[in-house]
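Notes for the one structure printed next.
Just so you know, all these numbers are worked out from the coordinates, no wet-lab data involved. Fair warning: this is a prediction, and the values are worked out from it, not measured in the lab. Ideal geometry is used to build each Cβ from the backbone, glycine not excepted, and the neighbour counts take in all protein chains shown.
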């Protein structure tokens, strides 16, 4: 039974909806996620994230300057105890076009993954492959996934700590075969806001552990690390995400992303008293201008005296 919200809860819900709508609208615009005439296949798992994504997308659809269609799709993977009636009943109430697919990936995962091991990786790959193929059948031009900002940051640290790679989840991605474009409309939204919104909206959440799989302990460790940081240093999570949007390949060490080999001194260049910031220690007292350079006083540079010369 759906509980009646108090006036305070209604006010909070309206505020959260406005924030999430603004963040999603900004992400869609920044990455050109949705265009005129798009058919957006919204992947619905029954969790808080995908419910919220569909709800806010429907809200945006009424206000968007472009026309696009939404098609909700859920894959029933035949996990024991999966409540088959929950999503159809909910989707009927929303008025959105929807499809419920059935494919027994659960048996495949149980056959391939040893007992007690994390099944999420294989399960998600099988699910993704099925959904990508179905997108082609219904003519979907975009596939929307419910990953949020916390997911993106966690994935970056997981790859750094355990895979030796500096990569995460992009807000927009072209599949390797070029057949599908994946979008993550909630890339700018925080998990705490989504969780609170889903609770106030009283979405019929389906638990994700029906398969009895072990929780991904590495992701859990990274999530806790970020929670601790956010508690001790408010604003750090925002700074990390901003940093992911402001990468400088020439200041890293990946030879595939920047041509370090061809870097050579320009013999005709004239020294103008500026040194790249990255070449010097980040002392607090250095006066750094907006271009990222440290301005040296020419008079001071000219007044340097050579007090000792050593010749072997």
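Find how much the distance from residue 225 to residue 78 grows on full extension, using 0.36 nm per residue of separation minus their present alpha carbon separation; answer in nm with one decimal.
On the way: separation 147, 0.36 × 147 = 52.92 nm, distance 3.39 nm.
Taking 0.36 nm per residue and subtracting the Cα distance, the gain is 49.5 nm.
Ranking 84, 191 by Cβ neighbours within 10 Å, fewest first, what do you get?
In order of increasing Cβ crowding within 10 Å: 84, 191.
Extending each Cα 7 Å along its Cβ direction at residue 218 and residue 257, get the distance between those two points in nm, one decimal.
Those two pseudo-labels are separated by 1.9 nm.
Given R₀ = 22 Å, what would the calculated FRET efficiency be for residue 174 paired with residue 242, taking r from the Cβ atoms and rounding to 0.05?
0.35
Please rank 6, 45, 124, fewest neighbouring Cβ atoms within 10 Å first, as an exposure proxy.
6, 124, 45
Sort 149, 21 so the one with the fewest other Cβ atoms within 10 Å of its own Cβ comes first.
The fewest-first ordering by Cβ neighbours comes to 21, 149.
What are the extents of the Cα atoms of the range 124-229 along their three principal axes, listed from largest to smallest and rounded to whole Å?
That works out to 43, 40, 30 Å along the principal axes.
Taking a ≥ b ≥ c as the square roots of the eigenvalues of the Cα gyration tensor of the range 1-93, is the shape rounded (a/c under 1.5), prolate (a/b larger than b/c) or oblate? Let's see the in-between values first.
On the way: a/c = 2.23, a/b = 1.14, b/c = 1.96.
It comes out oblate by the Cα gyration axes.
Cβ neighbours within 10 Å, averaged per peptide: list 87-94, 55-62 in order, most packed at the top.
Sorting 87-94, 55-62 by mean packing, highest first, produces 55-62, 87-94.
I'd like the FRET efficiency for residue 155 and residue 272, computed as 1/(1 + (r/R0)^6) with the beta carbon distance as r and R0 of 51 Å, rounded to 0.05. Don't skip to the answer; put the middle values down first.
Numbers: r = 42 Å, r/R0 = 0.83.
Here the calculated transfer efficiency is 0.75.
If I take R0 = 22 Å and measure r between the Cβ atoms of residue 59 and residue 138 in this structure, what FRET efficiency does the formula 1/(1 + (r/R0)^6) give, to the nearest 0.05?
Computed FRET efficiency for residue 59 and residue 138: 0.45.
How would you order 255-263, 65-73, 181-189 from highest to lowest mean count of nearby Cβ atoms within 10 Å?
181-189, 65-73, 255-263
Just subtract the alpha-carbon distance of residue 9 and residue 308 from 0.36 nm times their residue separation and send over the number in nm, one decimal.
Details: separation 299, 0.36 × 299 = 107.64 nm, distance 7.50 nm.
Between residue 9 and residue 308, full extension yields 100.1 nm more.
First check a/c for the range 7-215, with a ≥ b ≥ c the square roots of the eigenvalues of its C-alpha gyration tensor; if it is under 1.5, answer rounded, and if not, answer prolate when a/b is larger than b/c or oblate otherwise. Could you put the intermediate results ahead of the total?
On the way: a/c = 1.33, a/b = 1.26, b/c = 1.05.
The shape class here is rounded.
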